[in-house]
Amino acid sequence: MVHASAAVDPMEVRTLTEARARVLERIERAAVRAGRDPAAITLVAVSKTVPADRLRAAVAAGLDRLGENRVQEGEAKGPEVPGAHWELVGPLQSNKSRRALAAFDRIQTVDSVELARRLDRLVPETRPGPRYPVLLQVNVDRDPAKAGFRPDAIEGALGELLALPNLTVEGLMTVGRLTTSPADARDTFRSLHGLADRLRAMAPGLGDTLSMGMSDDFELAIEEGATLVRVGRALFGERPHQHPGQDAPHAH
Ligand SMILES: *Cc1c(COP(=O)(O)O)cnc(C)c1O
């Protein structure tokens, strides 16, 4: 239920409209530098910790693709923010699969065949209709602290993943490594792009979405082929301090 609190603060809408314009301009400049079409790059506004009333203003400001990294937070805000499209960008425990399908319009973080099978099985009852869109998260840097398919494991799994009848695998996603070095970040993005090209050559059913790049490095990611960037702080400002594990894996 949406109550009187559904009112949208015009000042907030203005602030977020300006923040969106600044980020879109940076996206455009990075795309042009790389000889790419800016219209081919999707902006997902990562809204973790941002309260629902600000997100209603965000939607009014044109930021209607929202990303959350926790199932529970997406579930809570979804009904409070009409008109938004929700993407899960954080890890999904398989026992929350059903809830994640109900709350999110796309899951970017499918990181195992088991999870994909489970989602596939649950789609007909939770999300009847067209195939449900997912991205495969890849642990490009083989970082033991991070989730995702290992690059050498995804090839063997891809046939089964693409054959799942109720999912559509729209592409790949990665979270850059914890680094302050732009060169390292660029390596990660370049590796994901190379992997995607190799996989698509083998399996044309794999979609061409490449989700990579956050506030600190989305321009680099675009130069390296990102088609979707996940931007939080550059739109909403710094997040309040959180417990480790709830925040961006490489926020500093
Ligand atoms: C928090 C988060 C983002 C956005 O990070 P910012 O640094 O705020 O832009 C992007 N992707 C994932 C997976 C995140 O958890």
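The values are calculated or read from the model by the stated rules, or taken from the named source; none is laboratory data. Predicted model, so just to flag it, every value in this text is computed and none were measured. No Cβ is skipped: glycine too gets one built from the backbone with ideal geometry, and neighbour counts run over all protein chains shown.
Residue pairs whose Cβ atoms lie under 8 Å apart, sitting 6 or more positions apart in sequence or on different chains, and linking a residue in region 67-86 that is in contact (Cβ under 8 Å) with a residue 40 or more places away in the chain to a partner that is more than 16 Å from the ligand (Cβ to nearest atom) and in a loop (DSSP other than H, G, I, E, B), are P79/M1; P79/V2; E80/V2; P82/V2. Determine whether E80 is more than 12 Å from the chain's Cα centre (by Cα), within 16 Å of the ligand (Cβ to nearest atom) and more than 18 Å from M173 (Cβ to Cβ). When the stated conditions are applied, E80 does not pass them. Checked against the criterion of being of a type in the set (G, A, S) and touching a residue at least 24 places away in the same chain (Cβ under 8 Å), the candidates A183, A196 yield just one match: A196. Annotation note: of P91, P144, the sole residue that is modelled with pLDDT under 95 and more than 25 Å from A201 (Cβ to Cβ) is P144.
Among the residues here, G171 qualifies as in contact with a strand residue (DSSP E or B) (Cβ under 6 Å, 6 or more places away or on another chain), under 16 Å from A201 (Cα atoms) and surrounded by 11 or more Cβ atoms within 10 Å (Cβ to Cβ).
Listed by position, the helices (runs of 4 or more DSSP H) inside region 140-252 whose residues that are away from the ligand (no atom under 13 Å from the Cβ) number at least 2 are 151-163, 182-202, 218-223.
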